[in-house]
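Below is one structure, written out as structure tokens, with a few remarks after it.
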Amino acid sequence: MRSLLLCLALATPAAAQNTMNAEEFGAHVTGRTITFRTELNPSFGIERYLEGRRVMWSTFDGICQYGVWFESKGDICFRYDGDPEPKCWTMYNEPGGMRGVYTTRPPATVIFEIPDRNDALICNDLSS
């Protein structure tokens, strides 16, 4: 039991070190378009990060939404036009790109940045 507690205590600072705050997140994403995947979905979505913490999210089915991002309680949250509920993620800076864990409510979806992809936003019908 003591060794388990020691392992948890040692692991916690390392995990906290790669959590991204607003400044780090903004530096990583602003001016970029990033494609995300999940473990089960290789094409989760694409987000363009504009100046002023504005975003444009696109799923691969052709729906786009405008929104903004902000930091709240250590998470990076997104509020999209027409949806009053923020979508919050704990974002991690990892060697292979960002990883995000959805924290707004269960289930906890995990998304992964796909490095070096240049997918275009697919906006057949702008929802906002």
How much accessible area per residue does the range 37-111 have, counting only protein heavy atoms and a probe of 1.4 Å, in square angstrom? 54
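Of all chymotrypsin sites (Phe, Trp or Tyr not before Pro) in the range 45-128, which ones are in loop regions per DSSP and have a Cβ with at most 16 other Cβ atoms within 10 Å? Numbers along the way, then the final one.
Working: sites: Y49, W57, F60, Y66, W69, F70, F78, Y80, W89, Y92, Y102, F112; in loops: F60.
Listed in order of number, the matching sites are F60.
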Rounded to a whole number, the Stokes-Einstein D of the range 16-57 in µm²/s (Kirkwood radius over Cα pairs; 37 °C; 0.692 mPa s) is 288
Bins of 10 Å from zero: percent of alpha-carbon pairs in the range 25-101: 18, 55, 26, 1
Once phi for every residue in the range 75-88 is put through the Karplus expression 6.51 cos²θ - 1.76 cosθ + 1.60 (θ = phi - 60°), the whole-Hz ³J(HN,Hα) values, with Gly and Pro written as x, are 9, 9, 10, 10, 10, 9, 3, x, 10, x, 7, x, 10, 10
If you roll a 1.4 angstrom probe over the protein chains with everything in place, what fraction of the accessible area of the range 42-108 belongs to carbon and sulfur, to the nearest %? 55
What trypsin sites (Lys or Arg not before Pro) in the range 46-128 are in a loop by DSSP, with at most 15 other Cβ atoms within 10 Å of the Cβ? K73, R117
At a 1.4 Å probe radius, which order do V68, V55, V101 fall into by accessible area, largest first? V68, V101, V55
If each of S43 and N93 carries a label point 7 Å out from its Cα toward its Cβ, how far apart are those two points in nm? 3.2
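The values are calculated or read from the model by the stated rules, or taken from the named source; none is laboratory data. Model, not experiment: these values are computed from the prediction. Neighbour counts are summed over all protein chains in view; Cβ atoms, including those assigned to glycine, are modelled from backbone coordinates with ideal geometry. Each accessible area value is taken on the protein alone, full model and side chains, heavy atoms only, with ligands, DNA and RNA left out. Shrake-Rupley method; radii C 1.70, N 1.55, O 1.52, S 1.80 Å.
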